[in-house]
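Following: one structure in structure tokens, then a few remarks.
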Amino acid sequence: MESVNRKVILISLIMAILTAFLVYAYIKKATAKPEVVEYINTYAAARTLPPKHKITDGDIKIIKVTREYLNPKAVLNKADIIGRRLKDSVIEGEQILVDRLADESKATLAYRIPEGKRAVSINVTEQTEVADHIRPGDYVDVIASFDKEEIEDVNGKMVFPRITRTIIQNAAILALGQDQVIPDEKQKELPKTVTLAVNAQEAERLVYASEFGTIRLALRNAGDDKVESSQGYIRQDITGEKGSKILPK
């Protein structure tokens, strides 16, 4: 009988301890401060963006993520995103990562061509290239000279006089030779080519003139972007009729 009583007392003691522990745990949980979840603002694509796209304000949106879901390479500063170009496509809702943004100081020429323009290179000499005073970032006009040409077909003969005319105005210089930035050791080195930024029609005119005419570049004043109308000049426009005469057939 005494053994049974001891067992009952021992069980009662264990139950009391367990009950006390459960009550303590419940009170502690009930009075504990709720866990604070930290959210961080970052930027994601508002729509799917293609490679080489130049990011605008409407291309991105702010999203809140917990630190657990924040990509360690996410760009948190909006100013570091707007105006930058993408190296790869970014799908809608994806965080903007620094690895996806092109470093234009190290990017290929394709990233530097203004929107709507094409890069076209022409061969140059010291005379063509304004005595080597042209640098990337400058703006030039392209002047072309063509020799007299006669074309005869079933309808008769067409005579195109020798003419000099400005065929492109205010074209940006993208590169001299292969250099988009001229290092100090090449400052006095005459390039073999000059690369200009031109639109599609200007590209055609430039290629035609370089193939069938003679080209000169005219360096523009910094900040001068005015476009002037010109029909070009033939010999009579400069010398008039002075000294000319009609020979008999």
Which of the residues that make up segment 62-77 are in a strand (DSSP E or B) and surrounded by 13 or more Cβ atoms within 10 Å (Cβ to Cβ)? Ile63, Val65, Ala74
Can you go through Thr56, Thr108 and tell me which one is among the hydroxyl-bearing types (Ser, Thr, Tyr), closer than 24 Å to Leu174 by Cα and either without any contact (Cβ under 8 Å) to a residue 12 or more places away in the chain or exposed (fewer than 10 other Cβ atoms within 10 Å of the Cβ) (or both)? Thr108
Conditions (1) of a type outside the set (Phe, Trp, Tyr); (2) touching a residue at least 12 places away in the same chain (Cβ under 8 Å); (3) in contact with a strand residue (DSSP E or B) (Cβ under 6 Å, 6 or more places away or on another chain); (4) outside any loop (DSSP other than H, G, I, E, B); number of the one not met by Ser230: (4)
Flag if Ile173 is surrounded by 10 or more Cβ atoms within 10 Å (Cβ to Cβ), within 22 Å of the chain's Cα centre (by Cα), part of a loop (DSSP other than H, G, I, E, B) and of a type in the set (A, V, I, L, M): no
Considering residues that are crowded, with 18+ Cβ neighbours inside 10 Å and among the polar types (S, T, N, Q), the number found within segment 78-105 is 1
For Val124, only one of the following conditions fails: (1) touching a Phe, Trp or Tyr at 6+ places or on another chain (Cβ under 9 Å); (2) surrounded by 14 or more Cβ atoms within 10 Å (Cβ to Cβ). What is its number? (1)
Would you confirm, using the coordinates I've provided, whether Val130 is among the β-branched types (Val, Ile, Thr), on the phi > 0 side of the Ramachandran plot and surrounded by 15 or more Cβ atoms within 10 Å (Cβ to Cβ)? yes
Which of (1) exposed (fewer than 13 other Cβ atoms within 10 Å of the Cβ); (2) closer than 22 Å to Ala131 by Cα; (3) among the small types (Gly, Ala, Ser) is the odd one out, the single condition Ala200 does not satisfy? (2)
Those residues of segment 120-131 which are among the aliphatic types (A, V, I, L, M) and farther than 12 Å from Leu176 by Cα, in sequence order: Val130, Ala131
How many of the residues making up segment 15-51 are modelled with pLDDT of 75 or more, polar (S, T, N, Q) and part of a helix (DSSP H, G or I)? 1
Filtered residue count, segment 46-91, keeping only those that are farther than 26 Å from Gly116 by Cβ, among the aliphatic types (A, V, I, L, M) and touching an Asp or Glu at 6+ places or on another chain (Cβ under 8 Å): 0
Against the definition (in a loop (DSSP other than H, G, I, E, B) and either over 23 Å from the mean Cα position of the chain (by Cα) or among the charged types (D, E, K, R) (or both)), how does Thr125 come out, yes or no? yes
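The values are calculated or read from the model by the stated rules, or taken from the named source; none is laboratory data. These numbers were taken from a predicted model, which means no experiment stands behind them. Note that we place each Cβ from the backbone using ideal geometry, even for glycine, and neighbour counts take in every protein chain shown.
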